[in-house]
Amino acid sequence: MAQTYHRERRSTEPAPNPNAWMITFADLCTLLLTFFVLLFSMSSLNDRAFRNTFQNFSKATGILAMKVDERVALRPYRLMREMVKSLADLEKLDIASLEKVRRAERIKDDDAQRMISGNAIWYEELENEAGFSFILGQQLLFESGQAVLNPKAHPILEKLAQFMKSGFYAIYIDGHTDDVPIRSERFGSNEELSLARAEAVMEYLVVRCGANPKLFALGGYGSSHPLVPNVAGSQKAVNRRVELIFHWNPA
């Protein structure tokens, strides 16, 4: 009996390319790069350019007008400069950077002494553009050994409160003293006094100025965080203070 042989057909389909996955991977890398470029662009977007862009869109035919949110965040350095400018309008107020204060406390001339005493406010930018701080001298805010706000501090806090309503900053209010132990029936330690002073500042900002209480956190550190060594009277005056620390928190 004759045998029948069947020849196997060879497949005409090409073998799969083992490097095909690289095409998908390259597309994914491109998308990720685009995403991070957009994130960086948005983080450094100037608020005035942002407003102008959407104003131009609103003028185009067929584009609905967009209401620009007045809460566009000011970056830390720019907001700090705006606040310094606003405080400079107040009379009889000495405003200086903290770096100048640290230099001035070693000098004995009249200009230097005015910078570190009396109606003094100092400011400092935090590292990595994380925010900034305003430092209010004790003589501006409170009588010695007391935690009741001096009326002359009210206009200053009202000016500062105007910049707190955007909600883009978490604000730490920290009280500090010098190293002289307190002798008071009301306050058992410098830590208690410094915390009570921080509470008094926050209460005025919230109750009288309408600031959001959720923005604030309080601290009372006594003499444990001096700006300068507690040696002479002028240096002790620098260390008696309340700090308002603005941390950048756009979320």
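Read-outs: derived from the displayed coordinates by stated rules, not from any lab. Just so you know, these numbers come straight off a predicted model, no measurement behind them. When we count neighbours, we look across all protein chains shown, and the Cβ atoms used for this are built from the backbone with ideal geometry, even at glycine.
Observations on the model:
- Fewest neighbouring Cβ atoms within 10 Å first, the residues 21, 122 line up as 21, 122.
- Summarising the amide proton neighbourhood of residue 123: residues at separation of 5 or more, or on other chains, whose placed amide H is nearer than 5 Å comprise 96, 97, 98, 135.
- Ordering 240, 75 by the number of other Cβ atoms within 10 Å of each residue's own Cβ, fewest first, gives 75, 240.
- Annotation: the residues 166, 194, sorted from fewest to most other C-beta atoms within 10 Å of their own C-beta, follow the order 166, 194.
- Of all DSSP beta bridges confined to segment 76-248, the antiparallel ones make up roughly 70%.
- Here's how it looks for residue 169: its modeled amide H is under 5 Å from those of 249, which are all 5 or more places away or on a different chain.
- Lys pairs, segment 76-248 - Cα-Cα below 21 angstrom, 8 or more residues apart or on other chains: 13
- Here the contact order of segment 125-203, divided by its residue count and restricted to Cα pairs under 8 Å and six or more residues apart, works out to 28 percent.
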